[in-house]
């Protein structure tokens, strides 16, 4: 992988990180505790709100997981180890990195993990 490729992937990762952090800030209110006052909210509406809250919590968890993967990939770029499989130490295909620049495993090793 050449310097231009590394710079491109670094830019992609930083852009993804910024977008995820912005989404995280906008969605913060969705994970707040649901009001259980039946006088102000009916039972069905409250159940809908609780379901929406549960979905928002899971989405937040997935965003945080992706942010950790992005931070790991950016650290690998800094250390010079980016683009190599963390399991077999072979080079990860550039097409795989274009799809998911935060990938730390080649297709073969990722398939074995599943």
Subject >> Given (1) buried (at least 16 other Cβ atoms within 10 Å of the Cβ); (2) part of a helix (DSSP H, G or I), number of the condition residue 57 does not satisfy >> reply: (1)
Subject >> Count - residues of region 1-33 that are outside any helix (DSSP H, G or I), loosely packed, with under 14 Cβ neighbours inside 10 Å and modelled with pLDDT under 85 >> reply: 2
**OP:** Determine the pairs where a residue that is farther than 19 Å from residue 9 by Cβ, located within region 59-82, has a partner that is surrounded by 11 or more Cβ atoms within 10 Å (Cβ to Cβ) and modelled with pLDDT under 95 with Cβ atoms under 6 Å apart, the partner being 6 or more residues away or on another chain.
**Re:** 60/31; 63/20; 63/24
Original post:
Only one of (1) farther than 19 Å from residue 6 by Cα; (2) at pLDDT 95 or above; (3) loosely packed, with under 12 Cβ neighbours inside 10 Å is not met by residue 42, so which one is it?
Top reply: (2)
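The values are calculated or read from the model by the stated rules, or taken from the named source; none is laboratory data. The model shown is predicted, which means the values in this text are computed figures rather than measured ones. We place every Cβ from the backbone using ideal geometry, glycine too, and count neighbours over all the protein chains shown.
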